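Read through the structure below, which is laid out as C-alpha coordinates, and then see the notes.
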Amino acid sequence: MSEPKKLFIKTYGCQMNVYDSERMAEALGGKGYVQTDAADNADMILLNTCHIREKAAEKVYHELGRMKHLKVANPDLKFGVAGCVAQAEGAEIIRRQPMVDLVVGPQSYHRLPAMDDAVQSGVRAVDTDFPDDDKFETLKSRSKAKRGPTAFLTVQEGCDKFCAFCVVPYTRGAEVSRPADRVVREAQELVAAGVREITLLGQNVNAYHGHEGGLAGLIWALDKVDGLERIRFTTSHPNDMDDALIEAHGTCEKLMPYLHLPVQSGSDRILKAMNRKHTAESYLKVIERIREARPDILLSGDFIVGFPGETDADFEDTLALIREVRYGQAYSFKYSTRPGTPAAEKPQLPEDVMNVRLQQLQGLLTQQQRAIQESMVGREVQVLFEKSGRTDGQMIGKSGYLHAVYADAPTDVLGQVKRVRITHSSTNSLAGELCKD
Ligand code: SAH
Ligand code: SF4
Ligand code: F3S
(Lines give C-alpha, C1' and ligand atoms only; values in the text may rest on other atoms or scores of the structure.)
(Ligands and ions follow the chains in the order given, each with its own letter.)
Protein backbone atom coordinates (compact mmCIF):
# COMPACT_ATOMS: atom_id res chain seq x y z
CA MET A 1 0.00 0.00 0.00
CA SER A 2 1.20 3.49 -0.74
CA GLU A 3 2.06 5.89 2.10
CA PRO A 4 -0.87 8.11 3.10
CA LYS A 5 -0.53 11.69 1.89
CA LYS A 6 0.02 14.22 4.62
CA LEU A 7 -2.17 17.31 5.08
CA PHE A 8 -1.08 20.33 7.13
CA ILE A 9 -3.80 22.90 7.95
CA LYS A 10 -3.11 26.25 9.58
CA THR A 11 -6.23 27.88 10.96
CA TYR A 12 -6.78 31.61 11.54
CA GLY A 13 -9.81 33.58 12.74
CA CYS A 14 -12.94 32.47 14.52
CA GLN A 15 -14.16 29.13 15.88
CA MET A 16 -16.13 28.57 12.69
CA ASN A 17 -12.82 28.24 10.91
CA VAL A 18 -11.64 25.71 13.50
CA TYR A 19 -14.73 23.64 12.77
CA ASP A 20 -14.30 24.05 9.00
CA SER A 21 -10.68 22.90 9.21
CA GLU A 22 -11.83 19.66 10.87
CA ARG A 23 -14.40 19.14 8.13
CA MET A 24 -11.87 19.85 5.38
CA ALA A 25 -9.49 17.31 6.90
CA GLU A 26 -12.31 14.77 6.98
CA ALA A 27 -13.28 15.54 3.35
CA LEU A 28 -9.69 15.04 2.21
CA GLY A 29 -9.39 12.00 4.48
CA GLY A 30 -11.60 10.25 1.95
CA LYS A 31 -8.85 10.92 -0.61
CA GLY A 32 -6.20 9.24 1.51
CA TYR A 33 -4.87 12.29 3.37
CA VAL A 34 -3.97 12.14 7.05
CA GLN A 35 -3.36 15.28 9.10
CA THR A 36 0.13 16.22 10.23
CA ASP A 37 1.36 18.83 12.72
CA ALA A 38 4.50 19.49 10.71
CA ALA A 39 4.38 21.67 7.60
CA ASP A 40 7.77 20.43 6.43
CA ASN A 41 6.68 16.86 5.71
CA ALA A 42 3.30 17.73 4.20
CA ASP A 43 2.03 16.85 0.72
CA MET A 44 -0.61 19.56 0.94
CA ILE A 45 -0.66 22.77 2.99
CA LEU A 46 -3.98 24.54 3.51
CA LEU A 47 -4.20 28.01 5.05
CA ASN A 48 -7.70 28.53 6.44
CA THR A 49 -7.80 32.31 6.58
CA CYS A 50 -9.65 35.19 8.26
CA HIS A 51 -10.48 38.54 6.68
CA ILE A 52 -11.94 40.41 9.64
CA ARG A 53 -9.23 43.02 10.19
CA GLU A 54 -6.75 45.09 8.19
CA LYS A 55 -3.92 43.56 6.17
CA ALA A 56 -5.55 40.13 6.31
CA ALA A 57 -4.73 39.33 2.69
CA GLU A 58 -1.18 40.72 3.06
CA LYS A 59 -0.59 38.40 6.00
CA VAL A 60 -1.61 35.42 3.88
CA TYR A 61 0.79 36.39 1.07
CA HIS A 62 3.50 36.89 3.65
CA GLU A 63 2.88 33.46 5.18
CA LEU A 64 2.95 31.83 1.73
CA GLY A 65 6.23 33.60 1.01
CA ARG A 66 7.67 32.21 4.24
CA MET A 67 6.72 28.69 3.17
CA LYS A 68 8.24 28.93 -0.28
CA HIS A 69 11.33 26.93 0.70
CA LEU A 70 9.06 23.92 1.36
CA LYS A 71 7.95 23.98 -2.27
CA VAL A 72 11.56 24.26 -3.38
CA ALA A 73 12.44 21.20 -1.28
CA ASN A 74 9.37 19.26 -2.48
CA PRO A 75 8.08 20.38 -5.91
CA ASP A 76 5.07 18.02 -5.57
CA LEU A 77 3.83 19.91 -2.51
CA LYS A 78 0.42 21.55 -3.11
CA PHE A 79 -0.71 24.82 -1.53
CA GLY A 80 -4.33 25.76 -0.89
CA VAL A 81 -5.94 28.90 0.51
CA ALA A 82 -9.35 28.47 2.17
CA GLY A 83 -11.56 30.64 4.37
CA CYS A 84 -12.61 34.26 4.22
CA VAL A 85 -9.53 35.70 2.45
CA ALA A 86 -10.01 33.02 -0.24
CA GLN A 87 -13.60 34.16 -0.62
CA ALA A 88 -12.67 37.84 -0.78
CA GLU A 89 -9.64 37.53 -3.07
CA GLY A 90 -10.58 34.53 -5.24
CA ALA A 91 -8.42 33.96 -8.31
CA GLU A 92 -6.35 37.06 -7.48
CA ILE A 93 -4.48 34.84 -4.99
CA ILE A 94 -3.24 32.58 -7.79
CA ARG A 95 -2.23 35.58 -9.88
CA ARG A 96 -0.24 37.11 -7.04
CA GLN A 97 1.23 33.89 -5.70
CA PRO A 98 1.74 31.34 -8.53
CA MET A 99 2.77 28.74 -5.96
CA VAL A 100 -0.89 28.38 -4.89
CA ASP A 101 -2.72 25.45 -6.51
CA LEU A 102 -6.14 25.77 -4.94
CA VAL A 103 -8.43 28.54 -3.66
CA VAL A 104 -11.61 27.47 -1.92
CA GLY A 105 -14.28 29.66 -0.28
CA PRO A 106 -16.02 28.71 3.00
CA GLN A 107 -19.16 27.45 1.28
CA SER A 108 -17.40 25.09 -1.13
CA TYR A 109 -15.39 22.73 1.12
CA HIS A 110 -17.41 19.71 0.04
CA ARG A 111 -15.90 20.18 -3.41
CA LEU A 112 -12.37 19.78 -2.08
CA PRO A 113 -11.97 16.10 -3.08
CA ALA A 114 -12.82 16.97 -6.72
CA MET A 115 -10.56 20.00 -6.56
CA ASP A 116 -7.76 17.79 -5.28
CA ASP A 117 -8.19 15.57 -8.38
CA ALA A 118 -7.78 18.62 -10.59
CA VAL A 119 -4.75 19.84 -8.65
CA GLN A 120 -3.04 16.45 -8.77
CA SER A 121 -3.40 16.44 -12.55
CA GLY A 122 -1.71 19.82 -12.67
CA VAL A 123 -4.77 22.05 -13.05
CA ARG A 124 -5.26 24.91 -10.62
CA ALA A 125 -8.65 25.05 -8.96
CA VAL A 126 -10.63 28.07 -7.73
CA ASP A 127 -14.09 27.75 -6.20
CA THR A 128 -15.62 30.71 -4.40
CA ASP A 129 -19.27 30.08 -5.33
CA PHE A 130 -22.10 30.21 -2.88
CA PRO A 131 -23.50 26.90 -4.21
CA ASP A 132 -27.11 25.79 -3.75
CA ASP A 133 -26.02 22.36 -2.56
CA ASP A 134 -25.50 22.29 1.19
CA LYS A 135 -21.86 21.53 1.95
CA PHE A 136 -22.83 19.88 5.23
CA GLU A 137 -25.27 17.57 3.48
CA THR A 138 -22.48 16.37 1.20
CA LEU A 139 -19.96 16.13 4.04
CA LYS A 140 -22.23 13.77 5.92
CA SER A 141 -21.08 11.85 8.92
CA ARG A 142 -18.24 12.74 11.21
CA SER A 143 -15.07 10.73 11.65
CA LYS A 144 -15.47 7.95 14.22
CA ALA A 145 -11.98 8.48 15.62
CA LYS A 146 -11.85 9.01 19.40
CA ARG A 147 -11.59 12.70 20.31
CA GLY A 148 -11.36 15.05 23.28
CA PRO A 149 -14.34 15.99 25.47
CA THR A 150 -15.21 19.33 23.78
CA ALA A 151 -16.19 20.08 20.21
CA PHE A 152 -17.55 22.85 18.00
CA LEU A 153 -20.57 22.23 15.81
CA THR A 154 -21.60 24.78 13.18
CA VAL A 155 -25.39 25.09 12.97
CA GLN A 156 -25.76 28.43 11.19
CA GLU A 157 -23.61 30.32 8.73
CA GLY A 158 -23.56 33.72 7.16
CA CYS A 159 -24.98 37.03 8.23
CA ASP A 160 -27.79 39.29 6.99
CA LYS A 161 -27.08 42.09 9.48
CA PHE A 162 -24.56 44.18 7.52
CA CYS A 163 -22.95 46.12 10.36
CA ALA A 164 -21.21 49.05 8.65
CA PHE A 165 -17.69 47.88 9.61
CA CYS A 166 -17.90 44.16 8.93
CA VAL A 167 -16.84 41.90 6.04
CA VAL A 168 -18.59 38.74 7.23
CA PRO A 169 -21.83 39.21 5.21
CA TYR A 170 -19.63 39.41 2.10
CA THR A 171 -17.26 36.53 2.86
CA ARG A 172 -19.76 34.10 4.36
CA GLY A 173 -22.89 35.06 2.44
CA ALA A 174 -26.52 35.10 3.56
CA GLU A 175 -27.75 33.44 6.74
CA VAL A 176 -28.36 29.71 6.36
CA SER A 177 -29.37 27.27 9.10
CA ARG A 178 -28.79 23.52 9.11
CA PRO A 179 -31.87 21.37 9.79
CA ALA A 180 -32.15 20.39 13.46
CA ASP A 181 -32.31 16.64 12.80
CA ARG A 182 -28.92 16.72 11.06
CA VAL A 183 -27.40 18.76 13.87
CA VAL A 184 -28.73 16.27 16.43
CA ARG A 185 -27.32 13.37 14.38
CA GLU A 186 -23.92 15.04 14.25
CA ALA A 187 -24.05 15.69 18.01
CA GLN A 188 -24.75 11.98 18.57
CA GLU A 189 -21.76 11.08 16.41
CA LEU A 190 -19.56 13.45 18.39
CA VAL A 191 -20.77 12.01 21.70
CA ALA A 192 -20.05 8.49 20.42
CA ALA A 193 -16.47 9.67 19.74
CA GLY A 194 -16.05 10.88 23.33
CA VAL A 195 -17.40 14.45 23.27
CA ARG A 196 -19.20 15.69 26.40
CA GLU A 197 -19.56 19.41 25.63
CA ILE A 198 -20.68 20.95 22.35
CA THR A 199 -20.46 24.62 21.41
CA LEU A 200 -22.99 25.46 18.72
CA LEU A 201 -21.51 27.90 16.26
CA GLY A 202 -22.88 30.52 13.91
CA GLN A 203 -21.94 34.02 12.82
CA ASN A 204 -25.38 34.82 14.23
CA VAL A 205 -26.12 31.60 16.01
CA ASN A 206 -29.23 32.85 17.79
CA ALA A 207 -30.83 33.73 14.43
CA TYR A 208 -30.88 29.94 13.89
CA HIS A 209 -34.11 28.82 12.24
CA GLY A 210 -33.48 25.16 11.40
CA HIS A 211 -35.89 24.18 14.20
CA GLU A 212 -39.42 25.58 14.57
CA GLY A 213 -38.51 26.68 18.09
CA GLY A 214 -35.39 28.53 16.90
CA LEU A 215 -32.09 28.07 18.71
CA ALA A 216 -33.91 27.31 21.98
CA GLY A 217 -35.79 24.51 20.18
CA LEU A 218 -32.49 23.07 18.96
CA ILE A 219 -30.97 23.30 22.45
CA TRP A 220 -33.89 21.39 23.93
CA ALA A 221 -33.55 18.75 21.19
CA LEU A 222 -29.84 18.40 22.08
CA ASP A 223 -30.72 18.30 25.78
CA LYS A 224 -32.18 14.83 25.07
CA VAL A 225 -28.92 13.46 23.62
CA ASP A 226 -27.65 10.89 26.15
CA GLY A 227 -24.03 11.38 27.11
CA LEU A 228 -23.98 15.05 26.09
CA GLU A 229 -23.48 16.95 29.31
CA ARG A 230 -22.90 20.55 28.32
CA ILE A 231 -24.19 22.89 25.62
CA ARG A 232 -22.87 26.34 24.73
CA PHE A 233 -23.44 28.62 21.75
CA THR A 234 -21.67 31.54 20.12
CA THR A 235 -21.87 34.25 18.65
CA SER A 236 -25.16 35.91 19.37
CA HIS A 237 -26.68 39.17 18.26
CA PRO A 238 -28.61 41.16 20.91
CA ASN A 239 -31.65 41.52 18.63
CA ASP A 240 -32.02 37.75 18.26
CA MET A 241 -32.13 36.90 21.99
CA ASP A 242 -35.75 35.71 21.97
CA ASP A 243 -37.88 34.86 25.02
CA ALA A 244 -37.47 31.09 24.64
CA LEU A 245 -33.67 31.36 24.51
CA ILE A 246 -33.53 33.63 27.54
CA GLU A 247 -35.81 31.25 29.41
CA ALA A 248 -33.67 28.23 28.44
CA HIS A 249 -30.78 29.83 30.34
CA GLY A 250 -32.86 29.48 33.50
CA THR A 251 -34.37 26.06 32.85
CA CYS A 252 -32.03 23.94 30.70
CA GLU A 253 -29.45 22.34 32.99
CA LYS A 254 -27.14 21.36 30.16
CA LEU A 255 -26.97 24.96 28.90
CA MET A 256 -23.92 26.54 30.55
CA PRO A 257 -24.12 29.87 32.43
CA TYR A 258 -22.05 31.82 29.92
CA LEU A 259 -23.18 34.17 27.16
CA HIS A 260 -21.10 36.01 24.59
CA LEU A 261 -23.23 38.96 23.52
CA PRO A 262 -21.27 41.57 21.52
CA VAL A 263 -22.44 45.18 21.76
CA GLN A 264 -19.51 46.99 20.00
CA SER A 265 -20.30 50.43 21.50
CA GLY A 266 -22.29 52.03 24.30
CA SER A 267 -23.16 55.16 22.31
CA ASP A 268 -26.51 55.21 20.50
CA ARG A 269 -25.13 57.62 17.91
CA ILE A 270 -22.29 55.22 17.06
CA LEU A 271 -24.53 52.14 17.25
CA LYS A 272 -26.74 53.81 14.64
CA ALA A 273 -23.79 54.68 12.43
CA MET A 274 -22.62 51.05 12.82
CA ASN A 275 -26.06 49.87 11.65
CA ARG A 276 -26.32 47.65 14.71
CA LYS A 277 -30.12 48.15 14.89
CA HIS A 278 -30.14 48.25 18.69
CA THR A 279 -29.51 50.89 21.34
CA ALA A 280 -27.43 50.76 24.52
CA GLU A 281 -30.66 50.68 26.49
CA SER A 282 -32.21 47.80 24.53
CA TYR A 283 -28.96 45.84 25.00
CA LEU A 284 -29.00 46.50 28.75
CA LYS A 285 -32.64 45.42 28.88
CA VAL A 286 -31.73 42.08 27.27
CA ILE A 287 -28.92 41.63 29.81
CA GLU A 288 -31.31 42.39 32.65
CA ARG A 289 -33.77 39.76 31.43
CA ILE A 290 -31.01 37.15 31.03
CA ARG A 291 -29.85 37.84 34.57
CA GLU A 292 -33.39 37.42 35.83
CA ALA A 293 -33.48 34.00 34.19
CA ARG A 294 -29.96 33.01 35.28
CA PRO A 295 -28.55 35.34 37.95
CA ASP A 296 -25.03 33.83 37.98
CA ILE A 297 -24.50 33.96 34.19
CA LEU A 298 -21.06 35.12 33.08
CA LEU A 299 -21.26 37.71 30.32
CA SER A 300 -18.79 38.29 27.56
CA GLY A 301 -18.72 40.93 24.84
CA ASP A 302 -16.97 42.41 21.80
CA PHE A 303 -16.05 46.09 21.54
CA ILE A 304 -14.72 48.33 18.78
CA VAL A 305 -13.01 51.60 19.68
CA GLY A 306 -12.41 54.41 17.21
CA PHE A 307 -15.26 53.76 14.81
CA PRO A 308 -15.37 56.75 12.38
CA GLY A 309 -16.94 59.75 14.12
CA GLU A 310 -16.51 58.37 17.68
CA THR A 311 -16.05 61.31 20.09
CA ASP A 312 -14.74 61.31 23.65
CA ALA A 313 -18.35 61.47 24.82
CA ASP A 314 -19.28 58.41 22.71
CA PHE A 315 -16.33 56.53 24.15
CA GLU A 316 -17.40 57.52 27.69
CA ASP A 317 -20.81 56.00 26.91
CA THR A 318 -19.08 52.71 26.07
CA LEU A 319 -17.18 52.78 29.38
CA ALA A 320 -20.45 53.55 31.21
CA LEU A 321 -22.16 50.57 29.57
CA ILE A 322 -19.28 48.29 30.54
CA ARG A 323 -19.48 49.52 34.16
CA GLU A 324 -23.16 48.74 34.20
CA VAL A 325 -22.88 45.23 32.71
CA ARG A 326 -19.77 43.93 34.51
CA TYR A 327 -18.20 41.54 32.03
CA GLY A 328 -16.43 38.32 32.98
CA GLN A 329 -14.71 38.09 29.61
CA ALA A 330 -14.31 40.43 26.63
CA TYR A 331 -12.65 40.99 23.27
CA SER A 332 -11.84 44.51 22.14
CA PHE A 333 -10.45 45.85 18.90
CA LYS A 334 -9.36 49.07 17.28
CA TYR A 335 -11.60 49.87 14.37
CA SER A 336 -10.06 48.49 11.19
CA THR A 337 -11.01 49.79 7.75
CA ARG A 338 -12.37 47.06 5.51
CA PRO A 339 -12.58 47.97 1.82
CA GLY A 340 -16.08 47.47 0.44
CA THR A 341 -17.85 48.10 3.75
CA PRO A 342 -19.90 51.33 4.21
CA ALA A 343 -17.76 52.62 7.11
CA ALA A 344 -14.63 52.54 4.94
CA GLU A 345 -15.92 55.64 3.11
CA LYS A 346 -15.93 57.72 6.30
CA PRO A 347 -13.01 59.80 7.67
CA GLN A 348 -10.91 57.69 10.02
CA LEU A 349 -9.82 58.64 13.54
CA PRO A 350 -6.11 59.12 14.28
CA GLU A 351 -4.28 55.97 15.37
CA ASP A 352 -3.06 57.51 18.64
CA VAL A 353 -6.62 58.35 19.72
CA MET A 354 -7.62 54.76 19.09
CA ASN A 355 -4.59 53.46 21.00
CA VAL A 356 -5.39 55.52 24.09
CA ARG A 357 -9.05 54.50 24.06
CA LEU A 358 -8.25 50.83 23.57
CA GLN A 359 -5.87 50.86 26.49
CA GLN A 360 -8.40 52.53 28.76
CA LEU A 361 -11.18 50.16 27.69
CA GLN A 362 -9.02 47.09 28.16
CA GLY A 363 -7.91 48.34 31.58
CA LEU A 364 -11.52 48.50 32.72
CA LEU A 365 -12.44 45.13 31.21
CA THR A 366 -9.42 43.42 32.77
CA GLN A 367 -10.35 44.85 36.16
CA GLN A 368 -13.88 43.43 35.84
CA GLN A 369 -12.64 40.09 34.59
CA ARG A 370 -10.24 39.73 37.54
CA ALA A 371 -12.89 40.74 40.07
CA ILE A 372 -15.31 38.11 38.76
CA GLN A 373 -12.58 35.47 38.70
CA GLU A 374 -11.60 36.32 42.28
CA SER A 375 -15.23 36.08 43.40
CA MET A 376 -15.02 32.37 42.45
CA VAL A 377 -12.51 31.66 45.23
CA GLY A 378 -14.21 29.61 47.96
CA ARG A 379 -16.99 28.49 45.63
CA GLU A 380 -17.64 24.99 44.33
CA VAL A 381 -17.90 24.75 40.56
CA GLN A 382 -18.44 21.91 38.10
CA VAL A 383 -15.37 21.31 35.95
CA LEU A 384 -15.17 19.28 32.74
CA PHE A 385 -11.58 18.00 32.67
CA GLU A 386 -9.99 18.22 29.22
CA LYS A 387 -6.26 17.57 29.48
CA SER A 388 -3.34 17.03 31.82
CA GLY A 389 -1.26 19.97 33.00
CA ARG A 390 2.50 20.46 32.88
CA THR A 391 3.18 19.35 36.42
CA ASP A 392 2.67 15.75 37.51
CA GLY A 393 -0.85 14.87 38.62
CA GLN A 394 -2.30 18.20 37.52
CA MET A 395 -5.42 18.22 35.34
CA ILE A 396 -6.98 21.16 33.50
CA GLY A 397 -10.62 21.72 32.70
CA LYS A 398 -13.27 24.40 32.28
CA SER A 399 -15.95 25.49 34.69
CA GLY A 400 -19.47 26.17 33.47
CA TYR A 401 -18.44 29.85 33.35
CA LEU A 402 -15.64 28.91 30.93
CA HIS A 403 -12.87 29.67 33.41
CA ALA A 404 -9.80 27.45 33.02
CA VAL A 405 -9.45 25.47 36.27
CA TYR A 406 -6.35 23.56 37.46
CA ALA A 407 -6.62 20.79 40.05
CA ASP A 408 -4.61 17.80 41.25
CA ALA A 409 -6.57 14.78 40.12
CA PRO A 410 -6.15 11.24 38.77
CA THR A 411 -6.08 10.93 34.95
CA ASP A 412 -9.41 9.13 34.91
CA VAL A 413 -11.15 12.49 35.50
CA LEU A 414 -10.40 13.35 31.86
CA GLY A 415 -13.68 13.65 29.99
CA GLN A 416 -15.64 13.83 33.25
CA VAL A 417 -17.42 16.63 35.07
CA LYS A 418 -16.28 16.89 38.71
CA ARG A 419 -16.98 19.28 41.56
CA VAL A 420 -14.01 21.48 42.41
CA ARG A 421 -13.62 23.94 45.26
CA ILE A 422 -11.77 27.00 43.97
CA THR A 423 -8.84 28.00 46.18
CA HIS A 424 -6.90 30.47 44.08
CA SER A 425 -7.28 32.94 41.21
CA SER A 426 -4.35 33.93 38.98
CA THR A 427 -4.14 36.06 35.84
CA ASN A 428 -5.96 33.81 33.40
CA SER A 429 -7.03 30.79 35.38
CA LEU A 430 -8.31 29.37 38.64
CA ALA A 431 -6.92 26.61 40.81
CA GLY A 432 -8.86 24.33 43.13
CA GLU A 433 -9.27 21.01 44.89
CA LEU A 434 -11.47 18.11 43.88
CA CYS A 435 -14.44 17.78 46.22
CA LYS A 436 -15.17 14.40 47.83
CA ASP A 437 -18.18 12.78 46.13
N1 SAH B 1 -21.19 37.96 14.44
C2 SAH B 1 -20.56 38.44 15.57
C3 SAH B 1 -19.06 38.65 15.45
C4 SAH B 1 -18.41 38.87 14.14
S5 SAH B 1 -16.73 39.28 14.01
C6 SAH B 1 -21.27 39.69 16.04
O7 SAH B 1 -22.17 40.17 15.46
O8 SAH B 1 -20.91 40.23 17.03
C9 SAH B 1 -16.09 39.31 15.64
C10 SAH B 1 -15.81 40.66 16.15
O11 SAH B 1 -14.78 41.30 15.40
C12 SAH B 1 -16.97 41.63 16.11
O13 SAH B 1 -17.87 41.44 17.14
C14 SAH B 1 -16.28 42.96 16.18
O15 SAH B 1 -16.09 43.37 17.50
C16 SAH B 1 -14.92 42.69 15.54
N17 SAH B 1 -14.83 43.33 14.21
C18 SAH B 1 -15.52 43.01 13.10
N19 SAH B 1 -15.17 43.84 12.09
C20 SAH B 1 -14.27 44.71 12.59
C21 SAH B 1 -13.54 45.83 12.04
N22 SAH B 1 -13.72 46.23 10.80
N23 SAH B 1 -12.67 46.47 12.86
C24 SAH B 1 -12.49 46.07 14.14
N25 SAH B 1 -13.15 45.06 14.70
C26 SAH B 1 -14.03 44.38 13.94
FE1 SF4 C 1 -20.50 41.23 11.27
FE2 SF4 C 1 -22.54 42.52 12.35
FE3 SF4 C 1 -22.95 40.23 11.08
FE4 SF4 C 1 -21.69 40.23 13.40
S5 SF4 C 1 -23.83 40.85 13.06
S6 SF4 C 1 -21.10 39.10 11.58
S7 SF4 C 1 -20.53 42.13 13.34
S8 SF4 C 1 -22.26 42.13 10.17
FE1 F3S D 1 -12.61 35.79 10.20
FE2 F3S D 1 -14.27 34.80 8.47
FE3 F3S D 1 -14.46 34.11 11.00
S4 F3S D 1 -13.49 36.85 8.48
S5 F3S D 1 -13.75 35.94 12.05
S6 F3S D 1 -12.79 33.67 9.66
S7 F3S D 1 -16.13 34.45 9.60
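The values are calculated or read from the model by the stated rules, or taken from the named source; none is laboratory data. This structure is a prediction, so every number in the text was calculated from the model and none was measured. As a convention, Cβ positions derive from the backbone with ideal geometry for all residues, glycine included, and neighbour counts pool all protein chains shown.
Considering the stretch 12-39, and only residues there that are in contact with an Asp or Glu (Cβ under 8 Å, 6 or more places away or on another chain) and away from ligand 2 (no atom under 16 Å from the Cβ), the residue that is nearest to LEU102 (Cα to Cα) turns out to be LEU28. Scan ILE52, ILE45 and give me the residue that is part of a loop (DSSP other than H, G, I, E, B) and either in contact with a Lys or Arg (Cβ under 6 Å, 6 or more places away or on another chain) or hydrophobic (A, V, I, L, M, F, W, C) (or both). One residue alone meets the criteria, ILE52. The residues on offer are THR234, THR279, THR318, THR251, and the sole one that is under 18 Å from the mean Cα position of the chain (by Cα) and either buried (at least 17 other Cβ atoms within 10 Å of the Cβ) or assigned by TED's automatic domain parsing to the domain that holds LEU361 (or both) is THR234. Among the residues of the stretch 254-276, the ones that are more than 18 Å from PHE303 (Cα to Cα) and surrounded by fewer than 22 Cβ atoms within 10 Å (Cβ to Cβ) come to 2 in all. Residues in the stretch 6-23 that are assigned to a strand (DSSP E or B) and not β-branched (Val, Ile, Thr) were compared, and the one that is nearest to CYS84 (Cα to Cα) is LYS10.
Criterion first (within 16 Å of ligand 3 (Cβ to nearest atom), crowded, with 21+ Cβ neighbours inside 10 Å, at pLDDT 95 or above and of a type outside the set (D, E, K, R)) does VAL183 satisfy it? Taking the combined requirement at face value, the residue does not satisfy it. Do we find a residue being among the polar types (S, T, N, Q), within 16 Å of ligand 1 (Cβ to nearest atom) and either on the phi > 0 side of the Ramachandran plot or at pLDDT 95 or above (or both) anywhere in the stretch 49-65? The answer is yes, given that some residue of the stretch 49-65 is among the polar types (S, T, N, Q), within 16 Å of ligand 1 (Cβ to nearest atom) and either on the phi > 0 side of the Ramachandran plot or at pLDDT 95 or above (or both). Among the strands (runs of 3 or more DSSP E) lying completely within the stretch 80-196, list those that include at least 2 residues that are farther than 29 Å from LEU222 by Cβ, more than 16 Å from ligand 1 (Cβ to nearest atom) and touching a residue at least 24 places away in the same chain (Cβ under 8 Å). By residue number, 100-104, 125-127. Scanning the stretch 201-223 for residues that are away from ligand 2 (no atom under 16 Å from the Cβ) and in contact (Cβ under 8 Å) with a residue 40 or more places away in the chain yields GLY210, LEU218, ALA221.
When GLN188 is tested against (1) within 15 Å of ligand 3 (Cβ to nearest atom); (2) surrounded by fewer than 22 Cβ atoms within 10 Å (Cβ to Cβ), exactly one condition is not met: (1).
Filtered by the rule that a residue be within 16 Å of ligand 1 (Cβ to nearest atom) and assigned to a helix (DSSP H, G or I), the stretch 197-217 gives VAL205, ASN206, ALA207, LEU215. Cβ-Cβ contacts under 8 Å between residues 6 or more apart (or on different chains), taken from a first residue in the stretch 278-304 that is over 30 Å from GLN382 (Cβ atoms) and at pLDDT 95 or above to a second residue that is among the charged types (D, E, K, R) and assigned to a strand (DSSP E or B), are listed as ILE304/LYS334. Checked against the criterion of being on the phi < 0 side of the Ramachandran plot, among the small types (Gly, Ala, Ser), surrounded by 19 or more Cβ atoms within 10 Å (Cβ to Cβ) and within 12 Å of ligand 3 (Cβ to nearest atom), the stretch 12-35 contains one or more residues that satisfy it.
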